[in-house]
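Notes for the one structure printed next.
The values are calculated or read from the model by the stated rules, or taken from the named source; none is laboratory data. Since the model is a prediction, treat every value here as computed from it, not as a measurement. Here the Cβ positions follow ideal geometry from the backbone for every residue, glycine too, while neighbour counts run over all protein chains shown.
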Amino acid sequence: MRSNPLDQFAQLTIIPEGDEFVVGNAEGQTFVVVPIIGAQILGWLRAGATVDQCTVRATRLTGEPVNVVEFLDTLTSENILSEVRDVGPPRASWLLPIARATFSAPAWAVYLGLALMGSVLLVTRADLRPGSDDMVIGSSAIGSLLMLTASATVLTLLHELGHVLAAVKHGISSTLTISRRLFFVTAQADLTGLWSLPRRSRYGPLLAGMAWDAASVGLLLGLETWRSDGLPDLARQLLRAAVLVQISALAYQCAVFARTDLYAVLRVATGTIQLNAVKTAVLGTLLGRTTEEDRLLLASTPRRELTWARRYLGLYLVGMVGAGWYLLSVTLPGLLGVIRLAHHSIASSTPHQLEFYEGWTAVVTITVPTIWAIGAGGVATVRAIRGPEQTPIPRAGARRS
């Protein structure tokens, strides 16, 4: 590729990130990391300079020949230039008024106030603190599991909806997918487009889900306090189960080794673009399993990012040991318990009884997804041991001839 239409360069986002720049096409959800000279070249092209003029300017600036054509070819191969098109309004433009209202400054103040109220109630009211007994809803063990699962599913979707709306407010479209974190099945909002925003603007969408979680805890606890004597037993049980689910979800977000929301916040705060990939490369070096991809990645990674990757590696190793303990001590025994309950409900009832359908529902909504997540996690672990993972955002240097 020897030349590009001017409007292609005008529509690129070029965001400073530490000593480098993230260049991308927000609509195409494609991004690449470039050095300062690469960002300068794109700036010149935006202003109408030709490729030859950029080559002369870059060479004068660096004191050595710079291959601008190869640099642009790399951007094309990474679909940064070839997929640029009219961006226009976000695909979910009908959500924009809702997004602006739900994540306006007053709305954030409400979320903060509710979160603080919930924290105060949990500290001052021992009777409001959730416990293992709050996992029991109703008189049926299998029914309790199903209602708890349904509650967790709805609250997880609301958490991800918070991410989506906060992103839409900044003109970033997002999609929801079902995936896993470690051996847990979860929904996930694609926030790749946030790389097109300045660093400060990314915090809101990344923290939106946790903000809703914390605010809902305060809201539910406030409701329980206000209607302490007027709530039916089932409603009270559902309310307390929801509080337990939300507090557990907030605690899980602290597991940054599992690449949770706080992991994404850590990346933004530290300016580390490829933290997880560099961590994997550093681990490969320590284990004596360095590949050519590892060496190239480590050689192109700034020293600051390498330092953070080493720190994150320590946290990751400790976290994975803890996750292994949780898998063996809690998840697997719990899965076996669900299987036994489901089998008992199915075997001891007929298709004319509710217990029969509760058992099969538990198999479909709890047992099968959990087995899939554990199996997929095991496969991913084996693949990680055998070879390096893909770099999330490639680096495209304006290399010298």
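Within region 106-132, residues that are basic (Lys, Arg) sit with their Cβ atoms under 6 Å from residues that are in a helix (DSSP H, G or I), at 6+ positions apart or across chains, in these pairs: ARG129/LEU122. One residue alone among ARG310, ARG303 is closer than 26 Å to GLU17 by Cα and within 24 Å of the chain's Cα centre (by Cα), and that residue is ARG310. Can you tell me which residue is nearest to LEU161 (Cα to Cα) among those in region 179-200 that are free of Cβ contacts under 8 Å to residues at least 40 places away in the same chain and not in a strand (DSSP E or B)? Filtering region 179-200 for residues that are free of Cβ contacts under 8 Å to residues at least 40 places away in the same chain and not in a strand (DSSP E or B), the one nearest to LEU161 (Cα to Cα) comes out as LEU194. Tell me which residues, restricted to region 331-355, are of a type in the set (A, V, I, L, M, F, W, C), closer than 29 Å to LEU182 by Cα and surrounded by 13 or more Cβ atoms within 10 Å (Cβ to Cβ). Passing the criteria: LEU332, LEU335, VAL338, ILE339, LEU341, ALA342.
ILE172 fulfils the conditions (1) outside any helix (DSSP H, G or I); (2) within 24 Å of PRO106 (Cα to Cα); (3) free of Cβ contacts under 8 Å to residues at least 60 places away in the same chain except for a single criterion, (3). Restricting TYR203, TYR263 to residues that are in contact (Cβ under 8 Å) with a residue 60 or more places away in the chain and buried (at least 16 other Cβ atoms within 10 Å of the Cβ) narrows the list to TYR203.
The single condition among (1) in a helix (DSSP H, G or I); (2) at pLDDT 75 or above that PHE21 does not satisfy is (1). Based on what the data block shows, is ALA281 surrounded by 20 or more Cβ atoms within 10 Å (Cβ to Cβ) and closer than 17 Å to PHE183 by Cα? Criteria not met by ALA281. Only one of the listed residues (ALA342, ALA309, ALA384) is modelled with pLDDT of 90 or more, touching a helix residue (DSSP H, G or I) at 6+ places or on another chain (Cβ under 8 Å) and closer than 21 Å to VAL282 by Cα. That residue is ALA309.
Can you confirm whether VAL123 is among the β-branched types (Val, Ile, Thr) and over 21 Å from PHE184 (Cα atoms)? So VAL123 fits the description; yes.
Here is a yes/no grid of residues against (1) at pLDDT below 95; (2) buried (at least 23 other Cβ atoms within 10 Å of the Cβ); (3) of a type in the set (D, E, K, R):
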residue: VAL168; (1), (2), (3): yes, yes, no
residue: ILE172; (1), (2), (3): yes, yes, no
residue: LEU176; (1), (2), (3): yes, no, no
residue: ARG181; (1), (2), (3): yes, no, yes
residue: PHE184; (1), (2), (3): yes, no, no
residue: ASP213; (1), (2), (3): no, yes, yes
residue: GLU224; (1), (2), (3): yes, no, yes
residue: SER228; (1), (2), (3): yes, no, no
